[in-house]
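Q: Below are the structure tokens for one structure; questions will follow.
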Amino acid sequence: MEIEINNQDNNQMVFTVEGADVSLVNALRRICMVEVPTLAIETVEFLKNDARIFDEALAHRLGMVPIKTDLESLVLASECDCDDHCPRCSVSLVLKGKGPKTLYSGDLKSEDPNLKPVLDTIPLVKLKEGEEVELEAIAQLGQGKEHAKWQPTTTCAYKNYPQITIDGDKCESCLQCVQECPRNVLEFDEEKNQIKVVDLENCSMCRTCMKDCPNQAITVEIVEDKFIFRIETDGSLSPTQVLSRACDMLSEKADKIVTFCEEGGS
């Protein structure tokens, strides 16, 4: 399959995939969502908690804070040979504060400056006068299939690539399709006196233009082996890292199936 990136920023990427079928693209989507590992707080040891929030509730909030992840230097806890946790599979973070104040994710101090919360502005606990919190949290690599806190993506979806055909012999340029299109995919070219497609990839294939065309001059179909794919991450990994790791994992799975079949299923 061929992948072409349409647009991209720090946490979002839109690209087209060509030369693949639905099963392959959906497998890639699922791996991006639930198998690409990220860091998340797994255990919390409370040294002191005078705040009006249960330890369990605060620990849950901490677990949902996205943490920048380095997949090159860390391994899954299940693959590490340590007894509990170590620098090879985890990172320690400390939260300490005394009221009156609000503690935010930026107050989590990591032993590794490269592995810290993605955002500093996530509120964790509000402390009143005299209230104090002190704890140590251990973040470990995990996968989204175990818990949602380890999902690297906030959005991961695909759709078929649209194909719009306008029959110039039938089209009378009544502009009905242009006016009714909810996504401004079509436009009227006054110089050529014809309808043209100006934003093909924004088409949702609702086929409203087809229904409202009195002469049935427009056809909306899908390209069978081409898809538009969108990935948005929580910042723990970049979209490129998620896609690259997902492709590697998909390739490994395919190799295992080939080997299994060549060995006669043994």
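Taken together, the values in this text are just the output of simple stated rules run on the coordinates, not laboratory data. Everything numeric in this text was worked out from a predicted model, so none of it was measured. Counting neighbours? That spans all protein chains shown, and the Cβs are built from the backbone with ideal geometry, glycine included.
Q: Would you mind telling me which residue in Gly106, Gly168, Gly144 has the biggest mean-square fluctuation in a Gaussian network model of the chain, where springs connect alpha carbons within a distance under 10 angstrom?
A: Judging by the Gaussian network model, the answer is Gly168.
Q: What shape does region 70-110 have by the C-alpha gyration tensor, where a ≥ b ≥ c are the square roots of the eigenvalues, rounded means a/c under 1.5, and otherwise prolate means a/b greater than b/c and oblate the rest?
A: prolate
Q: Do any of Lys126/Lys159; Lys126/Lys149; Lys48/Lys149 go past 31 Å between their Cα atoms, and which?
A: Lys126/Lys159, as the Cα separations exceed 31 Å there.
Q: Read phi for every residue in region 66-73 and hand back ³J(HN,Hα) as whole Hz from Karplus 6.51 cos²θ - 1.76 cosθ + 1.60, θ = phi - 60°, with x for Gly and Pro.
A: Coupling constants for region 66-73: x, 10, 4, 10, 10, 6, 7, 9 Hz.
Q: Moving on. Need the full-extension length gain, Phe188 to Thr155, defined as separation in residues times 0.36 nm minus the C-alpha distance. One decimal, nm.
A: 8.5 nm
Q: Hey, with R₀ at 45 Å, roughly what FRET efficiency would Ala148 and Val198 work out to, going by the Cβ-Cβ distance, to 0.05? Can you show the working numbers first?
A: Working: r = 39 Å, r/R0 = 0.86.
The calculated FRET efficiency here is 0.70.
Q: Sticking with this one: Say we join alpha carbon atoms closer than 10 Å with springs in a Gaussian network model of the chain; which of Ala139, Ala77, Ala217 then has the biggest fluctuation?
A: Of Ala139, Ala77, Ala217, the most mobile in the Gaussian network model is Ala217.
Q: Could you quote the convex hull projected area for region 139-255, Cα atoms only and averaged over all directions, in nm²?
A: On the way: hull surface 42.4 nm².
One quarter of the hull surface, i.e. the mean projection, equals 10.6 nm².
Q: Here's a follow-up. With log10 I(q)/I(0) by the Debye sum over Cα atoms at q = 0.10, 0.12, 0.14, 0.17 Å⁻¹ as the read-out, I listed [x] -0.68, -0.90, -1.09, -1.29; [y] -0.69, -0.84, -0.97, -1.20; [z] -0.63, -0.80, -0.96, -1.24; which label goes with the value calculated from this structure?
A: Only one listed value fits the structure, namely [y].
Q: Also, quick follow-up: Enumerate the lysines that Lys211 could reach by cross-link, defined here as Cα to Cα under 17 Å, with residues fewer than 8 away along the same chain left out.
A: Of all the lysines, those that pass the test against Lys211 - Cα under 17 Å, at least 8 places apart if same chain - are Lys170.
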